[in-house]
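Read the structure below first, then the notes.
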Amino acid sequence: MKRIFSGVQPTGNLHLGNYLGAIRNWVRLQDEYECIFCIVDMHAITLWQDPKELTRNIREVTAGMIAAGVDPAKHIVFNQSMVPAHAQLAWIFNCVARMGWLNRMTQFKDKAGKHKENASVGLFAYPNLMSADILTYKATHVPVGEDQKQHLELARDTAQKFNNDFGVEFFPLPEPIIPPEAARIMSLRDGAKKMSKSDESDYSRINMTDDADTIALKIRKAKTDLEPLPATLEGLEGRPEASNLLGIYAALSGKEKIQVVTQFEGKQFSDFKKELVDLAVSVLGPINTEMKRLMTDTNHIDAVLRSGAERADAIAAPIIREVYDIVGFLRP
Ligand code: AQP
């Protein structure tokens with residue numbers, strides 16, 4: 001069976017972008033693939049995380065995934081640091097991948113900002129850990145958004161170089177799955193920036209933990225322009241905030257963006273926003289309620305993660321043993 005690996009960082013609350021851009025697609029892929037869904041806590045610490053917050057976020061992200069429809073009984077859900085294979089293979093890949101490859105990664109440039117000398121080594125080597133995440137399970141497919149394409153290319157290059165260096169056909173070259181309706185959700189405060197967990201302003205995103213009143217308030221306060229809504233998609237050019245809000249409506253309703261443009265042609269934002277609030281609350285409300293219920297029983301969440309980690313380890317550990325043999329390490 002085709003195997004998927006996909007991950008989400010426990011760097012804060014899950015938000016609408018994570019849901020529409022990733023988790024909703026994971027739920028759909030569960031029927032067709034054997035899925036490994038990972039809360040990538042080791043990636044999270046490439047930027048400073050408060051330890052107590054990190055623990056809470058690992059549980060909350062798990063609860064959010066399950067509340068959204070990820071099935072931890074049928075598929076594997078666990079946090080990365082519980083399975084040693086990720087770190088073990090990442091080190092080997094640190095020695096396979098080339099500095100030049102990592103130097104070209106745009107996400108490092110974005111996340112390190114102006115002060116690259118002060119960035120952690122982990123942030124620079126992050127793509128090698130991502131390659132290890134995928135290849136330690138010999139995953140055949142990886143669902144990717146636009147922003148992750150470059151990392152998947154690197155994973156393929158690393159797998160290929162490992163195979164060439166050691167003269168083996170060991171790692172498969174993982175294929176991307178680009179979801180047909182991959183939505184890229186932008187900040188509610190700035191249509192040019194993606195909605196992000198680490199944005200300082202909580203008004204920039206709709207969290208999956210937000211209640212109906214908070215969702216309504218954030219949508220009411222979302223940045224817009226002064227024009228009424230246009231009649232065509234071309235009319236959204238140069239209007240990133242309007243385009244984003246209509247895109248959110250389309251993604252939540254399962255409609256094409258053009259249909260939504262036609263539906264709200266000539267309307268004022270105040271009218272459109274009321275409809276968007278109703279829609280967002282109707283989709284996110286049940287997820288929110290279930291997430292809160294799950295968070296009242298952290299023992300259950302921890303048990304889900306432990307069971308997922310055991311199953312993940314059962315796949316990864318034999319692969320790592322083979323890798324060690326290929327590399328020439330003596331092992332216990
Ligand atoms: N705004 C977004 N629109 C669509 N998809 C998004 N994803 C994240 N933001 C958006 C997708 O969610 C998955 C998990 O992302 P992640 O947590 O691993 O890292 P990220 O992409 O860096 O997400 P954030 O929220 O921006 O986190 P921080 O602020 O910590 O960097 C991925 O599939 C991602 O594409």
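So how strong a dipole does the range 210-293 carry about its Cα centre when Lys and Arg Cβ are +1 and Asp and Glu Cβ are -1, to the nearest 20 debye?
Values: 12 positive and 14 negative charges, 53 e Å.
For the range 210-293, the charge dipole is close to 260 debye.
What ³J(HN,Hα) values, in whole Hz, does the Karplus curve 6.51 cos²θ - 1.76 cosθ + 1.60 give for the range 184-197 when θ = phi - 60°, with x put for Gly and Pro?
9, 9, 9, 4, 6, 9, 7, x, 9, 10, 6, 4, 9, 5
Roughly how many Å is it from the Cα centre of the range 1-58 to that of the range 178-218, as a whole number?
16
At 7 Å along the Cα-to-beta-carbon direction for both Ala192 and Asp213, put a label point, then send me their distance in nm to one decimal.
Taking the simple label geometry, Ala192 and Asp213 are separated by 3.6 nm.
How large are Rg and Dmax for the range 211-284 when only the alpha carbon atoms are used, in Å?
Calculated on Cα positions, Rg and Dmax stand at 11.5, 34 Å.
Connecting C-alpha atoms closer than 10 Å in a GNM of the chain, tell me which of Arg239, Arg205, Arg184 has the biggest fluctuation.
In this elastic network of the chain, the residue with the biggest mean-square fluctuation among Arg239, Arg205, Arg184 is Arg239.
Using θ = phi - 60° and the Karplus curve 6.51 cos²θ - 1.76 cosθ + 1.60, what whole-Hz ³J(HN,Hα) does each residue of the range 69-81 get, with Gly and Pro shown as x?
Calculated HN-Hα couplings, in order: x, 6, 9, x, 7, 7, 10, 9, 10, 7, 9, 3, 5 Hz.
Could you give the distance between the Cα centres of the range 70-105 and the range 230-270, to the whole Å?
When both Cα centres are located, 38 Å separates them.
Eight or more residues apart or on different chains, and alpha-carbon atoms under 20 Å: count the Lys pairs in the range 31-186 matching that. Intermediate values should be presented prior to the final figure.
Numbers: Lys74/Lys138; Lys109/Lys149; Lys111/Lys149; Lys138/Lys149; Lys138/Lys161; Lys149/Lys161.
Step by step, the pairs that qualify in the range 31-186 add up to 6.
With Cβ to Cβ distances under 14 Å as the rule, what net charge do the other residues near Glu322 carry (K, R +1; D, E -1)?
Details: positive: Lys138, Arg321, Arg331; negative: Glu169, Asp325.
Net charge around Glu322: +1.
Using modelled backbone amide H atoms (1.01 Å from N, in-plane), which distant-in-sequence or interchain residues come within less than 5 Å of Gln9's amide H?
Val40
Taking only the alpha carbons of the range 197-332, what extent do you get along each of the three principal axes, in Å, biggest first?
Each principal axis gives a Cα extent; for the range 197-332 these are 70, 38, 29 Å.
How do Trp91, Trp26, Trp48, Trp101 rank when sorted from fewest to most other Cβ atoms within 10 Å of their own Cβ?
Numbers: Trp91 13, Trp26 21, Trp48 8, Trp101 17.
If I rank by nearby Cβ atoms, fewest first, I get Trp48, Trp91, Trp101, Trp26.
Top mean-square fluctuation among Asp225, Asp210, Asp202, Gaussian network model of the chain, C-alpha springs under 10 Å?
Maximum fluctuation in the GNM of the chain, among the listed residues, is at Asp225.
For Val142, what residues show an amide H to amide H distance below 5 Å, using hydrogens built from the backbone and excluding near sequence neighbours?
When sequence neighbours closer than 5 places are left aside, the close amide H contacts are Glu175, Ile177.
Taking the chain as a Gaussian network, Cα atoms linked when under 10 Å apart, which of Glu34, Glu60, Glu256 shows the biggest mean-square fluctuation?
Its mean-square fluctuation being the largest, the pick is Glu256.
If you put +1 on each Lys and Arg Cβ and -1 on each Asp and Glu Cβ, how big is the dipole of the chain around its Cα centre, in Debye rounded to 20?
Working: 40 positive and 43 negative charges, 80 e Å.
Computed charge dipole of the chain: roughly 380 debye.
Using each residue's phi in the range 158-171, evaluate 6.51 cos²θ - 1.76 cosθ + 1.60 at θ = phi - 60° and report the 3J(HN,Hα) Karplus result to the nearest Hz, with x for Gly and Pro.
5, 4, 5, 5, 4, 4, 5, 4, 9, x, 10, 10, 9, 8
The range 87-210: percent of C-alpha pairs farther apart than 23 Å? Mind showing how you got there, number by number?
Values: 3203 of 7626 pairs.
The proportion of pairs with Cα distances above 23 Å equals 42 percent.
If you average 1/r over every pair of different alpha-carbon atoms in the chain and take one over that average, what Kirkwood value in Å do you get?
Averaging 1/r across every pair of different Cα atoms and inverting gives 21.1 Å.
Each reported figure results from applying straightforward, stated rules to the coordinates on display, with no laboratory input. Here the structure is a predicted model, which means the values were calculated and not measured. We place every Cβ from the backbone using ideal geometry, glycine too, and count neighbours over all the protein chains shown.
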